[in-house]
Amino acid sequence: MNPRRRTFLKAGAVAVAGFGAFPFVPRTRARIAGGMAGPDAGLGHRFRDGGFPEPSATESTNVLVVGGGIAGLATGRELDRLGRRDWKLLELENELGGNASSGRNAVSEFPWGAHYVPLPGPEAPEVTTLFEELGVIVGRDPRGLPVYREEYLCHDPQERLFVDGRWQEGIVPHFGIGARERLRIEAFLARMGELRSARGNDGKPLFAVPADRSSRDPAWLALDREGFVSPELRWYVDYCCRDDFGAASDRVAAWAGLHYFAARRGSAANAPGHAVVTWPAGNGWIAGRLRGGAGERCVPRTAAFRVTETDGGAEVWAWHAGAARTVRHRARHVVLAVPQFVAARMLGPDGAAGGRASGVYSPWMVANVTLRSMPPGRGAPPAWDNVLRESRSLGYVMATHQSLDAVPRATVLTYYQPLDEGLPAESRRVASGRGWESWRDQILADLGPSHPGIADLVERIDVRVWGHGMICPVPGWLWDGRRGALAKPRGRVHFAHSDLGGMSLFEEACVQGVRAARDVVARWEGKIDA
Amino acid sequence: MTDRSTRLLLLASVFVIATCGLVYELVAGTLASYLLGDSVLQFSTVIGVYLSAMGVGSWLSGFVSRGEARLFVRVQFLVGVVGGSSSALLFVLFAHAASFRVLLYGLILVVGILVGLEIPLLLRILKDRLEFKDLVARVFTFDYIGALLASLLFPLVLVPHLGLVRSSFLFGILNVAVGLLTLRVLGDGGRWSASMRVVGLVLLALLGGGFAASGRILAWSEQSTFSDPVIFARSSPYQRIVLTRAAGDLRLHLNGNLQFSSRDEYRYHEALVHPGLARFPRAREVLVLGGGDGLAVREILRHDNVRHVVLVDLDPEMTRLFRSQELLVRLNGGSLDSPRVTVVNADAFSWIEGATNRFDFAVVDFPDPSNYSLGKLYTTAFYERLGRVLAPGAAFVVQSTSPLVARRAFWCVDETLRASGFVTEPYHVYVPSFGEWGYVLASREPVPFRFHLPPGLRFLDPETTAGLFRFPPDMDRVPTEPNRLNNQSLVRYFEEDWAKVATTP
């Protein structure tokens, strides 16, 4: 529509609204559909509180994977690659993918959690291999650099920031801040650039993805915060930490904070090293591809609740919600691809030993907001990642950004908010008590200043609260030795989850899954003694 | 008031209403030829209808037996309102009315009849104050001098300085003012006069409001966006389609951007199609992406070797318009209804993905890369997909904006095609309504430099065609980044380059 005409119509709408302004707003909101989506709370709570019946059937498989997130799916895929196709995967939810799960409606697919992967660096060959097999990497240029499928590289414009009443391009603050602030930010980014290429006394990069492949140089592991002072920089660093860890920089380890900036060493023939790959469904696209390869071996809506070692294997008791019965799964090997606090519960009385239940998990709220048309806004045009400077949310990602349609129309915004105002347990409790209307109103109020009139364009808002969204690398978690010990198998029970890598990243989950599968096979072949 | 001054005032009002009457006629005639074209026909019919309506008005005055003064005041008010708002109404309704002519001639009839009533009524009002010979002499003197004034004011002052809409409102105000003056001079001071004064003042306020809001009204009718009169405007779900026309020049604008001018589009379209297609005398299957106006297809169909053309345009409204609107069908020669042509309404990117055809030649005629959505249609990703629907040895041509104004943007398209693995041959042409315009011909292997031009071209001959491929230094290649989905370098070049010039295409 012609902008002038829109102004005209808007003037008309204002005039009309003058007659009934008061009931106007609530009616707009009442029109918006949606609800709380996501985790099967009934099944989840039943798992926590116990109360599943005794097994009434028995099934056998060579390898049983518990948990259908990226770690579990990657375990299954690696087992296939190693020629061990006799495995089964149990997942609590109806949809697989875990943090990488996604949804879809008439407008678009959209992520429910993780939504991109940075170009994998030399320390994550598992991810590179996966990307080659999935067609994300389509070839190599003469220098040997991977050529990424262009449609999957995040399209330009990638980021914008709403600050001082208008959108600016990029999210590093640069608009309307003093020269000194800008210099400080530049100094910080330059320093991060140095750290990115620096190596420790063991010859390994200071910061790597996965974190375990970083240098163990004690001088760096003991790292504390350097004296970077600038409110704008603090905001930016906090934003980044909340983005990756669900908690601001004052709560995460300095090492983890620096890791965010200094660990990405990806490269591509047709994109800069800091590029990312993404899809309308976010990492749900990868989960979907992995799920497709797994086929019938994935069993959804199944709550594994007891894991015990047996002679020559392990046994898992699982409640199959569909069949309404408990099945005793006998396997030669079990891979627990679940968060450690869940694994601790499955393992029974001594499951929490070694601090398995001691990790801190950040709660999140993710909402998918479906709009009739692109939201209007002042300044830079819509980007993939749209960040609000004055907000507790992280802003939103536009699910239709990767669409190739020439004329964008309806869209879905995936809105992210780490619930980090209080301690995780407290935030989790408060969030679980909040109704959909309360989230709806908060989201509309948060998006209002950057997108005047957005409420009129919203068709539906679907909200999902992740009580334990992601492991938070609080000081100590990464390098106090706990993780390494927890990742070691207990007999025939193996562990694979991003929290064991230290950070809730796709690459960590993928590498963990591949490692567990290789472990299982090595043990099977007797290369490693039980 | 003395009888003499009353007489003078009434004669002055003859002068004013004569001017007003002619101005309305001129407004209607101008609007009709603006909006409908063919000014000789429009002016003749408008004058004819208007004059005969005046005759009807004069004839109707014979049925008035008393109360001439009151009727005269009423007529003044009515003429003021209808005539004064006529051009605003016509502009606003043109793009929306189903049968514009009915509206146009209806308005002309109403205004003509009312104006026709004025002079006979005034003659009768003045008949007791003047000798018959003086009466006739003076009234008609003022009438004709008023007409002269109008005919000079209209083209020299009103249209250039006020515009049609504001001029009409101004003369509507004058008509109502004459009515109010008459009321004052001849009124009886009774209740009727008082209430009519109120009516007159309200009308004055309304017309004054219209005069002040002319800019707004025009903006709404989109007229002010375009220098020429809008003859068609419609919003499809994808774009705003506007046709303008002035003095036989038909122009298509999509979202405010000029797509072609009927005066020189043959230069653009001949240059778009033939320098490439004329080098493939055996091409049978041709693809056109964009170009829903059917003008590129018109040029393609000149090649008898072409058996089949597939036109993919996103907007069904566009192809429907260029199949059904008489003026437009005349322009594209009915190309979209040719049995050799298949029209597909789809998004080019996704259509190519699913296409199984293999084309010997393709014409890529998308709107300029002025935003990120359109920029995707100029990326390496797009050209690589396009390459998959081309037969071995085929070529395609891409309209690539102006190498003079948007030099980096133009060479960026060339660079992008090279980065996608094509051999390129950039060329350019001068199109008066666009300026210097550029195209890039791309193929997997070099194409022989021989042109088998079809007969009937107005612009291209073999020598001219060969000359298009030479670039003078001010348009010559500059280094650029290829345009990819993940950098959209082209949109940035395009924006920066065009921002340097005051006007956009």
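The values are calculated or read from the model by the stated rules, or taken from the named source; none is laboratory data. Treat the numbers as computed from the prediction; the structure is a model and nothing was measured. Please note: Cβ atoms are built from the backbone with ideal geometry, for glycine as well, and neighbour counts cover all protein chains shown.
Just to be sure I understand, how many residues within segment A:395-449 are under 23 Å from residue A:99 (Cα atoms) and within 14 Å of another protein chain (Cβ to nearest Cβ)?
Matching residues across segment A:395-449 total 6.
Tell me which residues, restricted to segment B:453-478, are free of Cβ contacts under 8 Å to residues at least 40 places away in the same chain, under 18 Å from residue B:497 (Cα atoms) and assigned to a loop (DSSP other than H, G, I, E, B).
B:476
With the structure loaded, tell me whether residue A:133 is in a loop (DSSP other than H, G, I, E, B) and among the acidic types (Asp, Glu) or whether it fails that test.
no
State all residues of segment A:505-530 that are among the small types (Gly, Ala, Ser) and at pLDDT 95 or above; if no residue qualifies, say none.
Within segment A:505-530, A:509, A:513, A:516, A:517 meet the criteria.
Which condition breaks for residue B:465 when tested against (1) of a type in the set (Val, Ile, Thr); (2) surrounded by 17 or more Cβ atoms within 10 Å (Cβ to Cβ); (3) out of contact with any His (no Cβ under 9 Å at 6 or more places or on another chain)?
The number of the failed condition is (3).
Just to be sure, is residue A:392 outside any loop (DSSP other than H, G, I, E, B) and within 21 Å of the chain's Cα centre (by Cα)?
No.
Residue under question is residue A:66, and the condition is that it be crowded, with 18+ Cβ neighbours inside 10 Å, touching a residue at least 40 places away in the same chain (Cβ under 8 Å) and within 25 Å of residue A:499 (Cβ to Cβ); does it hold?
In short, yes.
Can you find, within segment A:153-204, the residue that is surrounded by the most Cβ atoms within 10 Å (Cβ to Cβ) among those that are away from chain B (no Cβ under 14 Å) and among the aromatic types (Phe, Trp, Tyr)?
The qualifying residue surrounded by the most Cβ atoms within 10 Å (Cβ to Cβ) is A:162.
Quick one: which helices (runs of 4 or more DSSP H) sit completely within segment B:264-371 and have at least 2 residues that are buried (at least 23 other Cβ atoms within 10 Å of the Cβ)?
Helices (runs of 4 or more DSSP H) meeting the threshold: B:265-277, B:295-300, B:316-324.
Cβ-Cβ distance below 7 Å, separation of 6 or more or different chains: which pairs start in segment B:35-51 with a residue that is at positive phi and end on one that is modelled with pLDDT under 85?
Here the result reads B:37/B:245; B:37/B:248, each pair linking segment B:35-51 to a residue that is modelled with pLDDT under 85.
In this structure, does residue B:381 turn out to be under 12 Å from residue B:310 (Cβ atoms), within 13 Å of chain A (Cβ to nearest Cβ) and crowded, with 21+ Cβ neighbours inside 10 Å?
No.
Every residue, every condition in (1) at pLDDT 85 or above; (2) closer than 25 Å to residue A:497 by Cβ; (3) surrounded by fewer than 19 Cβ atoms within 10 Å (Cβ to Cβ); (4) not assigned by TED's automatic domain parsing to the domain that holds residue A:498, yes or no:
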site: A:206; (1), (2), (3), (4): yes, yes, no, yes
site: A:231; (1), (2), (3), (4): no, no, yes, yes
site: A:236; (1), (2), (3), (4): yes, no, no, yes
site: A:245; (1), (2), (3), (4): yes, yes, no, yes
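Quick one: which residue in B:429, B:447 is away from chain A (no Cβ under 14 Å) and under 27 Å from the mean Cα position of the chain (by Cα)?
Only one candidate passes the filter, namely B:429.
If a residue has to be farther than 30 Å from residue B:381 by Cβ and either surrounded by fewer than 21 Cβ atoms within 10 Å (Cβ to Cβ) or free of Cβ contacts under 8 Å to residues at least 40 places away in the same chain (or both) to count, how many in segment A:389-426 make the cut?
Within segment A:389-426, residues that are farther than 30 Å from residue B:381 by Cβ and either surrounded by fewer than 21 Cβ atoms within 10 Å (Cβ to Cβ) or free of Cβ contacts under 8 Å to residues at least 40 places away in the same chain (or both) number 10.
Could you list all residues from segment B:276-332 that are at positive phi and modelled with pLDDT of 95 or more?
B:294 - this is the single residue of segment B:276-332 that is at positive phi and modelled with pLDDT of 95 or more.
Provide a single number: the residues in segment B:365-408 that are within 29 Å of the chain's Cα centre (by Cα) and on the phi > 0 side of the Ramachandran plot.
1
Here are some residues: B:389, B:398, B:405. Which one is at pLDDT below 95 and touching a strand residue (DSSP E or B) at 6+ places or on another chain (Cβ under 9 Å)?
Criteria check complete, one pass: B:405.
Any residue at all in segment A:439-462 that is within 19 Å of the chain's Cα centre (by Cα) and in contact (Cβ under 8 Å) with a residue 40 or more places away in the chain?
Among the residues of segment A:439-462, at least one is within 19 Å of the chain's Cα centre (by Cα) and in contact (Cβ under 8 Å) with a residue 40 or more places away in the chain, which makes the answer yes.
Which one of these is away from every other protein chain (no Cβ under 14 Å), over 17 Å from residue B:252 (Cα atoms) and in contact with a Leu (Cβ under 6 Å, 6 or more places away or on another chain): B:306, B:310, B:286, B:389?
B:310
Which one is modelled with the lowest pLDDT among residues in segment A:319-364 that are assigned to a helix (DSSP H, G or I) and of a type in the set (A, V, I, L, M, F, W, C)?
So the residue we want is A:353.
What are the residues in segment B:482-499 that are surrounded by 13 or more Cβ atoms within 10 Å (Cβ to Cβ) and more than 11 Å from every other protein chain (Cβ to nearest Cβ), if any?
Passing the criteria: B:493, B:494, B:497, B:498.
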